[in-house]
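Asker: First the structure, which I've put down as structure tokens, then a few questions once you've had a look.
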Amino acid sequence: QVQVAESGGGLVQAGGSRRLSCTASGNIFRFLTVDWYRQAPGKQRELVTSSSSGDYTDYADSVKGRFTISRDDAKNTVYLQMDSLKPEDTAVYFCRARKGSLDFWGQGTQVSVSS
């Protein structure tokens with residue numbers, strides 16, 4: 001079993017930056033693909049970015065050029081650096097670690113961007 005936990009959320013002004021962390025327990029983290037999702041009030045959860053164990057990354061069009069995912073497998077941690085934040089980035093951000101039938105979600109961390 002892998003426990004996943006997000007941290008780093010909070011209130012930030014538009015144009016500002018925030019770094020989220022996703023930390024997982026266990027010794028298989030480096031083999032897992034890690035995704036960041038977000039869910040805004042009244043909207044469906046959407047995929048923001050992914051990082052595979054082979055250093056492959058992908059981003060939603062809405063965050064390309066502003067968000068950067070990185071991982072430190074030695075620390076079992078994936079980071080989401082969010083720059084040039086906009087009010088529409090306000091959401092609960094979730095971390096997901098997966099591989100095959102393994103699928104683990106965190107509880108989410110709130111990011112609120114004020115205009």
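The values are calculated or read from the model by the stated rules, or taken from the named source; none is laboratory data. Being a predicted model, the structure only gives us computed values, none of them experimental. Cβ coordinates were reconstructed from backbone atoms using ideal geometry, including for glycine residues, and neighbour counts include every protein chain displayed. Calculation scope for accessible area: heavy atoms of the full protein, side chains included, ligands and nucleic acids excluded. Shrake-Rupley method; radii C 1.70, N 1.55, O 1.52, S 1.80 Å.
Asker: Residues 5, 60, 74: which one is among the aliphatic types (A, V, I, L, M) and either within 18 Å of residue 106 (Cβ to Cβ) or touching a Pro at 6+ places or on another chain (Cβ under 7 Å) (or both)?
Answerer: Every option except 5 fails the conditions.
Asker: Within the range 12-28, take every residue that is under 18 Å from residue 92 (Cβ atoms) and of a type in the set (A, V, I, L, M) and give me the one that is surrounded by the fewest Cβ atoms within 10 Å (Cβ to Cβ).
Answerer: Across the range 12-28, the extreme among qualifying residues is 12.
Asker: Give the residues of the range 29-44 that are in a loop (DSSP other than H, G, I, E, B) and either open to solvent by 100 Å² or more (accessible area, probe 1.4 Å) or closer than 14 Å to residue 75 by Cα (or both), sorted by residue number.
Answerer: Residues satisfying the conditions are 32, 41, 43, 44.
Asker: Another question, then. Answer with yes or no whether residue 56 is out of contact with any helix residue (DSSP H, G or I) (no Cβ under 8 Å at 6 or more places or on another chain) and over 23 Å from residue 88 (Cβ atoms).
Answerer: Judged against the criteria, residue 56 is a match.
Asker: Would you be able to tell me the number of residues in the range 87-105 that are in contact (Cβ under 8 Å) with a residue 24 or more places away in the chain and surrounded by fewer than 18 Cβ atoms within 10 Å (Cβ to Cβ)?
Answerer: 6
Asker: Do the conditions hold for residue 111, that is, is it outside any loop (DSSP other than H, G, I, E, B) and either touching a helix residue (DSSP H, G or I) at 6+ places or on another chain (Cβ under 9 Å) or surrounded by 15 or more Cβ atoms within 10 Å (Cβ to Cβ) (or both)?
Answerer: yes
Rundown of residues vs (1) surrounded by 15 or more Cβ atoms within 10 Å (Cβ to Cβ); (2) touching a residue at least 24 places away in the same chain (Cβ under 8 Å); (3) in a strand (DSSP E or B); (4) out of contact with any Ser or Thr (no Cβ under 7 Å at 6 or more places or on another chain), yes/no style:
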| residue | (1), (2), (3), (4) |
| --- | --- |
| 55 | no, no, no, yes |
| 58 | no, no, yes, no |
| 61 | no, no, no, yes |
| 64 | no, no, no, yes |
| 68 | yes, no, yes, yes |
| 74 | no, no, no, yes |
| 79 | yes, yes, yes, no |
| 107 | no, yes, no, yes |
